[in-house]
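In what follows, a single structure is set out as C-alpha cells and then discussed.
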Amino acid sequence: MTDYEVVVIGAGPAGLAVGLNLVRARRRVLLIDSNRPRHAVTLRSHGYVTRDGTPPLEFRRMGREEFEAYEEGDVLQATVTDIARKGDNLIVTAAERGGDEHSFEVANVVLATGLVESFPEIPSLRQFYGTTAHSCMECDGYEYKDKRLALIGETEDVAERAVLLSQWSKDVVLLTNGHDVVSDWWKDKLAERDIAVDGRVIDDIEGQPGGILTGVRFADGSVLERDGIFVRPHWTPSVNFIDSLHVVRAVDGLLSVDNEGRTSEHGLWAIGDITPPGPEQLMIAAGAGQRLASVINRTLLGLQ
C-alpha cells in the first residue's frame, strides 16, 4: 500500500480541481499526467472567468503549481498503462517517458483523462488546427465573428452545429465531405439562416505558412475561400488502460457514472469529458471536479 488516499489521472481542469480541493481537505493525492493534452496546439482558451484568453498549456502549468504547493500533493509525469483490481483496492501502473515504471495500490482512483480527437481524413487539416481551424465554436467562435466560415463534419449532428456557428457569422457553409448526413428537415432549417450545404468530397485545405488557411479545395479542383474552419471530430475516451476492469459504458464509449461520479467499478470515479454528455467547457469541467472532490472526501469519512 502507498500512503496516497486518491490517485487522479489527468491534469486538465477537471482533474486539477479534484486534486486541489482534496489536498485542501488534507488528503494525500497523487496526480498522474502524461502532459499530452488534445488542446496542446490551441493558442488561447476562452470562457473561464478571470482566465479568458489564457493559453491552455499555461492554464495547466498554473494548476499543477497550485496543486504541488500543498505538501499533501505529488505530481508524476507519466502515462498510465494499466489499472487492475486487487481486493478492495486498485493497482495503477504508469510509465515515464524514460521507461521507468511505477505501481501504486490505492482505494480510490479518479479518471479525468479527457478525449482523443479523430478528424475527417483531410491531409493538411492538422497543420491549421489550433490557429485557423478549431473544433470548439463556443471556445473560439467569437474570434471569427463576421468572417467567412466553414463547418466540416460527417456526423448527424453537424446541421445543428452549423446553426450554432451562425451566431458568429452570416457566412457559414456546411461541408459534409461526401457524406449524406443532413435530413430534408435540417436542410430547410439551414436555409432559413442562409446556411449553404455542400456535399462534395474535400481534397485538402489550402493556406499560407503559419497555419493561416485561405480555403477548402474540393476533389473537382474548385476552391471555397474561407477565413476559418470549424470541424466536428469523433471523440474517443482516453481510457484504454481500464480494459481489465468491468466499467459500464454509455453512448460513444463514454463512462457511465452515477450522480456523484462513481463508475460501476468500486473505488473508480470518472469526471469531465469522458463522462456523458461528453466535451464541456473549462469552467463546467472544473466545477464538476470540485464537486467530486467533496463527494470523495465525504466517502473517505464514511458519510456517503
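The values are calculated or read from the model by the stated rules, or taken from the named source; none is laboratory data. Note that this is a predicted model, so its numbers are computed, not measured. With ideal geometry, Cβ positions are generated from the backbone for all residues, glycine too; neighbour counts draw on all protein chains shown.
Before moving on, here are some points about what is shown:
- Scanning the stretch 190-205 for residues that are in a loop (DSSP other than H, G, I, E, B) and closer than 18 Å to Gly178 by Cβ gives Gly199, Arg200, Val201.
- Filtered residue count, the stretch 225-235, keeping only those that are assigned to a strand (DSSP E or B), surrounded by fewer than 18 Cβ atoms within 10 Å (Cβ to Cβ) and at pLDDT 95 or above: 1
- Residue-level check: of (1) within 30 Å of Asp146 (Cα to Cα); (2) at pLDDT 95 or above; (3) among the acidic types (Asp, Glu), Glu280 misses just (2).
- Scan the stretch 236-270 for residues that are surrounded by 14 or more Cβ atoms within 10 Å (Cβ to Cβ), among the hydrophobic types (A, V, I, L, M, F, W, C) and within 21 Å of Ile91 (Cβ to Cβ) and the total you get is 9.
- Condition met for Arg249 (free of Cβ contacts under 8 Å to residues at least 12 places away in the same chain and more than 25 Å from Val158 (Cβ to Cβ)): no
- Identity of the residue in the stretch 145-187, within 21 Å of the chain's Cα centre (by Cα) and of a type in the set (Val, Ile, Thr), that ends up farthest from Gly278 (Cα to Cα): Ile152
- Helices (runs of 4 or more DSSP H) lying entirely in the stretch 84-184 (those with 3 or more residues that are modelled with pLDDT of 95 or more): 158-165
- The stretch 181-210 residues that are in contact (Cβ under 8 Å) with a residue 12 or more places away in the chain, paired with ones that are of a type in the set (D, E, K, R) and part of a helix (DSSP H, G or I) (beta carbon under 7 Å, 6 or more apart): Val197/Lys187
- Here Ile195, Ile202, Ile212 are screened, and the one residue that is assigned by TED's automatic domain parsing to the domain that holds Ser135 and at pLDDT below 95 is Ile212.
- Checked against (1) in contact (Cβ under 8 Å) with a residue 12 or more places away in the chain; (2) loosely packed, with under 15 Cβ neighbours inside 10 Å, Glu154 passes all but a single condition, namely (2).
- So Val80, is it touching a helix residue (DSSP H, G or I) at 6+ places or on another chain (Cβ under 9 Å) and in contact (Cβ under 8 Å) with a residue 12 or more places away in the chain: yes
- In the condition set (1) in a helix (DSSP H, G or I); (2) within 17 Å of the chain's Cα centre (by Cα), Pro277 is compliant with all but (1).
- If you check Thr50, Thr42 for being at pLDDT below 95, assigned to a loop (DSSP other than H, G, I, E, B) and buried (at least 20 other Cβ atoms within 10 Å of the Cβ), only one passes: Thr42.
- Taken residue by residue, the stretch 159-169 has no member that is in contact (Cβ under 8 Å) with a residue 12 or more places away in the chain, β-branched (Val, Ile, Thr), touching a strand residue (DSSP E or B) at 6+ places or on another chain (Cβ under 8 Å) and assigned by TED's automatic domain parsing to the domain that holds Thr214.
- Selection status of Val248, touching a Lys or Arg at 6+ places or on another chain (Cβ under 6 Å) and among the aliphatic types (A, V, I, L, M): no
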